[in-house]
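Trainee: If you scroll down you'll find the structure; I have some questions about it.
What follows draws every value from the coordinates through simple rules; no lab data is involved. This one's a predicted model, so the numbers in the text were calculated from it and none came from an experiment. With ideal geometry, Cβ positions are generated from the backbone for all residues, glycine too; neighbour counts draw on all protein chains shown.
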Amino acid sequence: MLQASISKKLKIEGFGLHTGGYSSLILHPEGPDTGIWFVYRGKSIRAHFLNVVDTTRATSLGSDGVLIRTVEHLLASLYILGIDNLTIELIGNNELPILDGSGFHYFRLLRGNIRHFNKPKELASIQKPIKVELDKASITAIPCEKPVFSYAGFIKGLFDLREVYFKGFAPQVIYARTFCYLEEVNNLLSQGFGKGASDKSVLVLHNGKPVNAKMRYIDEPLRHKLLDLIGDFALFGARATFCIRSLMGNHRLNIELLKSLSLFATFSKSSFVSTP
């Protein structure tokens, strides 16, 4: 597995989900072993779980008084595409654009502009299961032959416990939009969340049915949770060589898993390098 960046500078813009503010992202190519960095108001913040400062309804990074909100959808797209060297410059509002609420528009922008380097990726492996729990939720990293991400949960009024999987095929998750329940909308707004939400970016459910749009998958909310899991895992700084199974997990628990993995995982460079 080879490291990758993008082949040219790219730009995308839109409104933030929670702040409602408008921002532009300029994505800059970087060389191998750079990692993924955000730049906002002259401050650079590495995309790493140690820089996560908030996991309430999204994952946000912070350092030296600078906060960058809702990074998980772009990071999921980068991880799925194997892009591990990039500088993401944020101009205007401090929240990444929500776009259509999924990772699709980021994925579409990036997929035709990937540049690979003749340098191996950093890999993470484990020798035994690692589990984190919070209330009734849990996430477990499990040694396996081929890495698979999965999410198990239920949706009120729609279905009981069900599990969805990401096995490396982008359409399994990339179109899944962020969602909420109709009965929680007013409460979220009163807490300062969802100021930039619209029918085009958020799937609203009531009594097990979408009230503002058709679902793209029969289990779209679970697949969005899975997309979030992948995006949060991108903050680990290495590719998983193990399976990750989430049972009703959330952003907070995702980051707790990364903290535990950092204590027990073994890191190495992938063995395959192409011949010049």
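Trainee: Can you list the lysines whose alpha carbon is less than 23 Å from that of Lys167, not counting same-chain residues fewer than 8 positions off?
Mentor: Lys121, Lys128, Lys131, Lys146, Lys225, Lys269
Trainee: Let me ask another. So for the chain, Kirkwood radius off the Cα pairs, Stokes-Einstein at 10 °C and 1.306 mPa s: how many µm² s⁻¹?
Mentor: 84 µm²/s
Trainee: When only Cα pairs under 8 Å and 6 or more residues apart are kept, what is the percent relative contact order across segment 1-100? The partial results should precede the final answer.
Mentor: Working: 212 pairs, mean separation 40.4, N = 100.
Computed value for segment 1-100: 40 percent relative contact order.
Trainee: Could you list the trypsin sites (Lys or Arg not before Pro) in segment 1-52 that lie in coil according to DSSP, counting only those with at most 15 other Cβ atoms within 10 Å of their Cβ?
Mentor: Here the trypsin sites (Lys or Arg not before Pro) that fit, given the DSSP loop and packing criteria, are Lys8, Lys9, Arg41.
Trainee: Please give the direction-averaged projected area of the C-alpha convex hull for segment 124-269, in square nanometres with one decimal.
Mentor: Taking a quarter of the hull surface, the average projection is 9.5 nm².
Trainee: Which of Ala238, Gly194, Thr178 sits farthest toward the positive end of the charge dipole of the chain, with +1 on the Cβ of Lys and Arg and -1 on the Cβ of Asp and Glu?
Mentor: Value computed over the given set: Ala238.
Trainee: Sticking with the crude label model, points 7 Å out along Cα→Cβ, report the distance from Lys156 to Lys119 in nm, one decimal please.
Mentor: 4.9 nm
Trainee: Using +1 at the C-beta of Lys and Arg and -1 at the C-beta of Asp and Glu, which of Asn118, Gly21, Leu78 has the Cα lying farthest in the positive direction of the dipole of segment 2-121?
Mentor: About the Cα centre, the residue reaching furthest to the positive side is Asn118.
Trainee: In debye, nearest 20: dipole of the chain around its Cα centre with unit charges on the Cβ of K, R (+) and D, E (-)? Provide the component values of the computation, followed by the final result.
Mentor: Numbers: 33 positive and 24 negative charges, 113 e Å.
Using Cβ point charges on Lys, Arg, Asp and Glu, the chain gives about 540 debye.
Trainee: Principal axis extents for segment 1-94, Cα atoms only, whole Å, descending order, please.
Mentor: Here the spans come out as 36, 26, 25 Å, largest first.
Trainee: Kyte-Doolittle mean at least -1.0 and Cα extent at least 15 Å along the axis: which DSSP H helices of the chain qualify?
Mentor: In the chain, the long hydrophobic H runs are 220-233, 251-264.
Trainee: Per DSSP helix of 4 or more residues, -39500 (n - 2.57); summed, then divided by the residues of the chain. What does that give at 222 nm, rounded to the nearest 500?
Mentor: Dividing the helical sum by the residues of the chain leaves -5500 deg cm²/dmol.
Trainee: Here's a follow-up. May I ask you to compute the full-extension gain from Arg111 to Gln127, defined as 0.36 nm times their residue separation minus their alpha-carbon distance, rounded to one decimal in nm?
Mentor: Taking Arg111 through Gln127 to full extension adds about 2.4 nm, to one decimal.
Trainee: Hey, got a sec? Which trypsin sites (Lys or Arg not before Pro) in segment 82-165 land in a DSSP loop and have at most 16 other Cβ atoms within 10 Å?
Mentor: Those that pass, being in a loop and sparsely packed, are Lys136, Lys156.
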